[in-house]
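A.B. asks: What follows is a structure written as structure tokens; I'll ask about it next.
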Amino acid sequence: MKKIINLLLIGFFAVACSNDESPKEPELVSITTNYYVDNEIIDSSKSNYSNQQLQNVQNLDQSRTEYKYNNNLIASASNYEPDGFLFSTNKYTFDSNDRLTEDAVVFSDNSIIKYTITYNENSILVTYSHYNGNSIVYELELNGDKQVISKRAVLVNGAPPKANSLRYQYTYAGKNLISVTSFNAATNITTPLVTYTYGTLKNETDSSRHMYGKAWKMNSFLMVIVNQGNYTPQVSENLISSYKEGTRDAVINREYRDGKISKTTTEYNTSWDVAMKIESVYEYK
């Protein structure tokens, strides 16, 4: 089942008014994202919006995800196979500060995988509980600015993890995440994972604001963690302009029309002899 985990920049800008009416912001209708290899589309998805909130994502293979909300917070995401079969539903719980506290993945046979999130003064604990009885507790260490500076497993099925368990380390320049590395204590080897470069545009207009409430940046990071990821620039103050991840470099170009984001293009330079890019086109009403 495909999961669309990249929601790109959405810009809103007031463009018109009439008589004594207040200026009306254009409303995002959809984002169509195409994935290219050597200028041929290999995959595509369309994200549809209503009242600034993501309603569904339709994929090229006819699989889709449907979203429901409780006010300004996502309540559930139902994942359908291409034949229409409901494969799983993610059910989300938040506290009074809009912080994500639980993501329960309920499968078609009613088995459940659950992520429970606990907030402490200097850390966040993410507890993964599988329906087969396995469990892992991850600790996200926080600095004085409440930025995540490390991620590591502290318990695996109730016992300390193996010596070669990876520790992820996050480095910031001000309010921007600039690099992520992994450290293996058993081998004493540090591996670079990703580095980010930023422009001057602020990361304040993403549609995640209308999914994850006032704690949307940290919730965006935690959504990556519960989907088995380790990092996202969504926590940063500015929008990234380029990044290096493994053997590939990426440059992100943004186009605007009438003050609104109209298109983003991510072009990749890799060690493979292929041209790769992702294009997202924004439609408003």
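A.B. asks: I'd like the full set of residues that are touching a Phe, Trp or Tyr at 6+ places or on another chain (Cβ under 7 Å) and open to solvent by 30 Å² or more (accessible area, probe 1.4 Å), limited to segment 207-223.
C.D. replies: Within segment 207-223, just ARG209 meets the criteria.
A.B. asks: Identify, by number, the condition in (1) touching a strand residue (DSSP E or B) at 6+ places or on another chain (Cβ under 7 Å); (2) under 30 Å from THR65 (Cβ atoms); (3) not in a strand (DSSP E or B) that ASN110 doesn't meet.
C.D. replies: (1)
A.B. asks: Looking only at residues that are part of a strand (DSSP E or B) and in contact with a helix residue (DSSP H, G or I) (Cβ under 9 Å, 6 or more places away or on another chain) in segment 179-205, which one is surrounded by the fewest Cβ atoms within 10 Å (Cβ to Cβ)?
C.D. replies: To start, the set of residues in segment 179-205 that are part of a strand (DSSP E or B) comprises 179-184, 189-202.
Pick out the ones that are also in contact with a helix residue (DSSP H, G or I) (Cβ under 9 Å, 6 or more places away or on another chain) and you get 194, 196, 198.
Numbers: VAL194: 18, TYR196: 23, TYR198: 21.
Per the stated criteria, the residue is VAL194.
A.B. asks: Then there's this: Only residues that are surrounded by fewer than 16 Cβ atoms within 10 Å (Cβ to Cβ) and among the hydrophobic types (A, V, I, L, M, F, W, C): list them for segment 61-91, please.
C.D. replies: Selection gives ALA75, PHE85, LEU86, PHE87.
A.B. asks: Which of the residues belonging to segment 245-277 are closer than 17 Å to TYR168 by Cα and among the charged types (D, E, K, R)?
C.D. replies: Taking segment 245-277 and keeping what is closer than 17 Å to TYR168 by Cα, we get 245-246.
Passing the criteria: only GLU245.
A.B. asks: Another question, then. I need the full set of residues from segment 233-267 which are without any contact (Cβ under 8 Å) to a residue 40 or more places away in the chain and either under 30 Å from ALA104 (Cβ atoms) or open to solvent by 50 Å² or more (accessible area, probe 1.4 Å) (or both), in order please. Please lay out each step first, then the result.
C.D. replies: Filtering segment 233-267 for residues without any contact (Cβ under 8 Å) to a residue 40 or more places away in the chain gives 234, 247-253, 255, 257, 262-263, 265-267.
Scanning segment 233-267 gives GLN234, THR247, ARG248, ASP249, VAL251, ASN253, GLU255, ARG257, LYS263, GLU267.
A.B. asks: For segment 24-44, give me each residue that is open to solvent by 50 Å² or more (accessible area, probe 1.4 Å) and either within 18 Å of THR266 (Cα to Cα) or not charged (D, E, K, R) (or both).
C.D. replies: Just the residues of segment 24-44 that are open to solvent by 50 Å² or more (accessible area, probe 1.4 Å), to begin with: 24-25, 35, 38-42.
The answer is TYR35, ASP38, ASN39, GLU40, ILE41, ILE42.
The values are calculated or read from the model by the stated rules, or taken from the named source; none is laboratory data. Since this is a predicted model, take the numbers as computed values, not measurements. Reconstructed Cβ throughout: ideal geometry from the backbone, glycine too, with neighbour counts over all protein chains shown. We work out accessible area using only protein heavy atoms, side chains counted, and drop any ligands, DNA or RNA first. Shrake-Rupley method; radii C 1.70, N 1.55, O 1.52, S 1.80 Å.
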